[in-house]
Every structure is written in C-alpha cells, then in structure tokens.
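Some notes on the structure that comes next.
The values are calculated or read from the model by the stated rules, or taken from the named source; none is laboratory data. Quick caveat: nothing in here was measured; it's all calculated off a predicted structure. Cβ placement follows ideal geometry from the backbone for every residue including glycine, while neighbour counts extend to all protein chains displayed. Keep in mind that these areas ignore ligands, DNA and RNA; they rest on the heavy atoms of the full protein, side chains included. Shrake-Rupley method; radii C 1.70, N 1.55, O 1.52, S 1.80 Å.
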Amino acid sequence: MILDVMNLEKCLTNVFLLTLAMLTTASGGFVGVNIGTDVSDLPAASNVVAILKAHQITHVRLYDADTHLLQALSNTSIEVIVGVTNEEVLRIGESPSAAAAWINKNVLAYVPSTNITAIAVGSEVLSTIPNVAPVLVPAMNSLHKALVAANLNFRVKVSTPHSMDIIPKPFPPSTATFNSSWNSTMVQLLQFLKNTNSSFMLNAYPYYGYTKGDGIFPIEYALFKPLPSVKQIVDPNTLFHYNSMFDAMVDAAYYSIDALDFSDIPVIVTETGWPSLGGSNEPDATVGNAETYNNNLIRRVLNDSGPPSQVNMPISAYIYELFNEDKRNGPISEKNWGIFYANGSAIYPLSLSTSGQINGTSASVFCVAKDGADSDKLQAGLNYACGQGGANCAAIQQGQPCYLPNNVKSHASFAFNDYYQKTHSTGGTCDFDGTATIITRDPSYGSCIYTGSSNSSGGGMSLAPTALGPSSPSKASSNMQMCSLQYLISVVGAFLALVML
C-alpha cells in the first residue's frame, strides 16, 4: 500500500511537471535579459533581483550557476536559464557522474523555489572551443539523464547556444546551411533537441551582421526600421520579404535545421542587442541606435509571430545584457551592451508600449537601511546624505511626518532613499558603506511618504511601472493563472479517476 501511494505521488508529480511545461510552452514570445557579471561594481544579488522585479523582467539567463543569484531568485517566479561554463563542458561530457553532481549542486539544490527552466551547456562551443565539440552532445545527454533521474526533465530543458558563425552564408535564408564540418555534431545535437522537446539556442546580433557586412545591408534593416520600396530585402528563392536582419537570421537557422532533415524544433534567441558606446572605429555603437534596436526588438517579439518561413512559431529573445560589463576584454563596444547602470538606473528608455517604460528611475525601487546594520555606520551615512549628499531631510525633523519612530535606522532609510532617488540617474548608489539595500516595497507609512512613492506629491519622481513581460497583478494575468489552475486540477482529476478505475 505504501509503495502504491509512493508510485501515485511520483506519477502525479510527473503529471504536474508535464502540465506546467505545456502551459509554459503554449504562451507566445517573451523578452528576457542576460546577466553577465564582469562588472567592477556589481550590485549584491538581492539588489540585482530587486531591479528585475521593479521592471517586471520575467526571464533571465545566467552564464553560470551563481549561488548568490540563484538564491536571490527564489520565490520570484522569474524563469531562469542556468549555464554550464565552457570550462565545465569537457569534464561533464566525459563523466556522467560529473553531470549528475552538477545537476545536484546547481539545479536540485534550488528547485522548485528558484524557477530554473533550462540549462545552457557552454556558450558558442563550436565557434570558441571546437576541440570540445566531440563531447558537447554527450554532456547534454548526461545532464538530461540526471534530470530524468530527478523527475525534472519535463520542467528543465537542456540545449546549447550557438553563434551565427556556424551558418557561413545566412543570406538568403532559404539556402542557409550549417558549416558542413559540423554536420555530424549538428545531426546528433538536433536529434537530442527533437527527442527531448528542447529549443535550438541562437545568439543573433544584427549589429555584427551590419558592421561586418561592408555596406551590403542598410542600417535601417539592422535596426528594425521601415525600408523604402527600393531597399526591400527579399529572398530570391521564396520571395519572402524580410523587414529586419533579426528575422532573416532566425529564419537562416530554421532553414539550416531543415537542410539536415529536422523540423519542429523551435529557435530561441539567447543573445541579441546593440552596444551604446564604441571607439572611434565603432561609429554605429551609440545610445540612439541601442535604444532604437532594443525597443524595436521588444515590439517585434511581442507581436507573437515567427519569421516568414515559420510565421506560427513566435520568437522569444534575451537582450544582451542587464549591465555594462566594464571588465570584459576587447573593444570599447564590448563593455557597453547593458541596458542598466550598476546602480539600477536605465542607460536609455526602453518601452513596451505607450504606457510602460523603463526610464532613468523607477517608482518601484527604494533605497533603505539594512536590518542589523551597524548604528555608527548608519549615523555616518545619515550625516552624509543630509549634508554633502544633498538629501531633503526636513521630513525627519522633530514634529515632521517621518520623525517617528525616532531611531537612526528609520531616519537613515528616509535620507538614504531621498539621496538615491535624486542621484542614481547620474551615478549615485544605494550602498552607504554597506548599510543600505534596494527594495521594491514602498516603505511609506501613515503620513510619511518616501521620495519616489506613487503617493508622493513632490521631491521625487513618479513613473509608470516598467514591464519586460506580463505584469502579475493584472486582471489578465490573474485570469490566466486561474485558467491554468483549473486546467491543472482537471488533468490531475482525470488522472485520479483513471487510477481509481
């Protein structure tokens, strides 16, 4: 009897995870963000997540399995791709036990509280470390088998991101094929993706397609801008019109997959973006072009259509990247792909619609004193904020709305926040010698209104909440969640009915 109950629980778990996967994949395209960590003043993991939550970013990709970020992402519902680093691929590919240990340490230790949905095995392995190619698919297989053993294979998918370099001639898309020297590996890889219902991960950069194209394509084509009739980009074989280089790149991947006799493998863009600053020999890396590209990318993805050859396959994409990675090697542009400064202020506005925008500040982010912070450091920070820092501290004076409770932590929180709201768009940080932290909950109380609060009548900026994905408090989202729950209940109910027969 005990064994039967255990088997039933195991089956119900599988039904739940399968249903969850079905619900997840049934949705349209989404915009996510890559989080690189080669940043000199990288915020604490909790502050990174606060930025994500403040702008309602629902999907992120990590380049490794950073413990602090994975812990901070728990109980947020943010969907997470974790990364196997290129340095780890060889060991995992040669040892199934190493793969199982990796899953135990970097996936099982965090799910279900952290919503890990995929594993990216390496990054552009075939292009950057070709000597590891023979063990790439074995590594993916071993990781998948470890997920199967943990009953997580329906929830967590395994794939590997590819550079556009593996498609030597991406235009016209209809004749695109993978580099033939990788055919054996690609056939194995595509068969794995097909068998496991996983996506083909592609890093697609129209910035490089344009800057390395010697003027073949107009910059409007790379930036999703409308093209005049005389400049229309048409595939001569299919007569498909391509309104953007991004669509052509994704279609080139679909045609390359088809050339190896595979189909129904969705392409997901794991990296795309545009740098906001470059050197003297990088004139197209500008804030204006970056703003144009990423705003148009968001609009393109959220129209829930695929490229011309796969119009019913919505494209999802991860913007590269959250922060400028100033520690990266290479040209100036390599350090300037971020959409946020490390202090959480936007480098340029990003807009989903006329009513939702990422601006230089956000009404959803507040800077307050940490619990348990040293009182002497808090006092020093309070003195700085109200003095040299230029914060308006009138509200914490005796007889004013924020004077009570009369303690250094409460007063410091108000002063820290006023300073941060006024300065973070020009580089001000929320640190104060490690005594401050960013939160998304409005700390206002009673008649004490914090700068930046939606109830503030002055002294701070009040802006519409930002969204790179669906807003969970909305009625539409609530209805979707209810429908999902009802569907899940019906599936489980039907399963139980079958068991009882």
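Give me the residue from region 218-234 that is at pLDDT 90 or above and touching a strand residue (DSSP E or B) at 6+ places or on another chain (Cβ under 7 Å) and, out of that set, least open to solvent (accessible area, probe 1.4 Å).
Going through the qualifying residues, I end up with Y221.
So which residues in region 389-400 are within 37 Å of the chain's Cα centre (by Cα) and open to solvent by 30 Å² or more (accessible area, probe 1.4 Å), if there are any at all?
Those that are within 37 Å of the chain's Cα centre (by Cα) and open to solvent by 30 Å² or more (accessible area, probe 1.4 Å): G390, N392.
Within the bounds of region 411-424, is there any residue that is modelled with pLDDT of 75 or more, open to solvent by 50 Å² or more (accessible area, probe 1.4 Å), among the β-branched types (V, I, T) and under 30 Å from N295 (Cα atoms)?
no
Restricting attention to region 140-196, report how many residues are in contact (Cβ under 8 Å) with a residue 12 or more places away in the chain and part of a loop (DSSP other than H, G, I, E, B).
Residues in region 140-196 being in contact (Cβ under 8 Å) with a residue 12 or more places away in the chain and part of a loop (DSSP other than H, G, I, E, B): 16 in total.
Considering each residue of region 437-456, count those that are at pLDDT below 80 and either hydrophobic (A, V, I, L, M, F, W, C) or open to solvent by less than 60 Å² (accessible area, probe 1.4 Å) (or both), and give that number.
Looking only at that region, the number is 4.
Looking at region 64-105, which of the residues that are crowded, with 21+ Cβ neighbours inside 10 Å and of a type outside the set (A, V, I, L, M) is farthest from L302 (Cα to Cα)?
If we take residues in region 64-105 being crowded, with 21+ Cβ neighbours inside 10 Å and of a type outside the set (A, V, I, L, M), then G93 is farthest from L302 (Cα to Cα).
Suppose we keep only residues that are in a helix (DSSP H, G or I) and among the polar types (S, T, N, Q) within region 401-415. Which one would you say is nearest to the chain's Cα centre (by Cα)?
S413
Could you look through region 39-86, keep only residues that are among the acidic types (D, E) and modelled with pLDDT of 95 or more, and pick out the one that is nearest to the chain's Cα centre (by Cα)?
E79
Looking at N179, N195, N183, N153, which one is of a type outside the set (F, W, Y) and crowded, with 18+ Cβ neighbours inside 10 Å?
Values: N179 fails: crowded, with 18+ Cβ neighbours inside 10 Å; N195 fails: crowded, with 18+ Cβ neighbours inside 10 Å; N183 fails: crowded, with 18+ Cβ neighbours inside 10 Å.
When all the criteria are applied, what remains is N153.
Quick test of your reading of the structure: K212 fulfils all but one of (1) surrounded by fewer than 16 Cβ atoms within 10 Å (Cβ to Cβ); (2) modelled with pLDDT of 95 or more. Name the failing condition by number.
(2)
Over 19 Å from the mean Cα position of the chain (by Cα) and in a helix (DSSP H, G or I): is that true of D247 in this structure?
For D247, the condition - over 19 Å from the mean Cα position of the chain (by Cα) and in a helix (DSSP H, G or I) - is met.
Inside region 77-108, can you point out the residues that are closer than 26 Å to A317 by Cα, part of a helix (DSSP H, G or I) and polar (S, T, N, Q)?
Those that are closer than 26 Å to A317 by Cα, part of a helix (DSSP H, G or I) and polar (S, T, N, Q): N86, N106.
If I filter region 6-22 for residues that are at pLDDT below 90, aromatic (F, W, Y) and open to solvent by 20 Å² or more (accessible area, probe 1.4 Å), do I get at least one hit?
Within region 6-22, one or more residues are at pLDDT below 90, aromatic (F, W, Y) and open to solvent by 20 Å² or more (accessible area, probe 1.4 Å).
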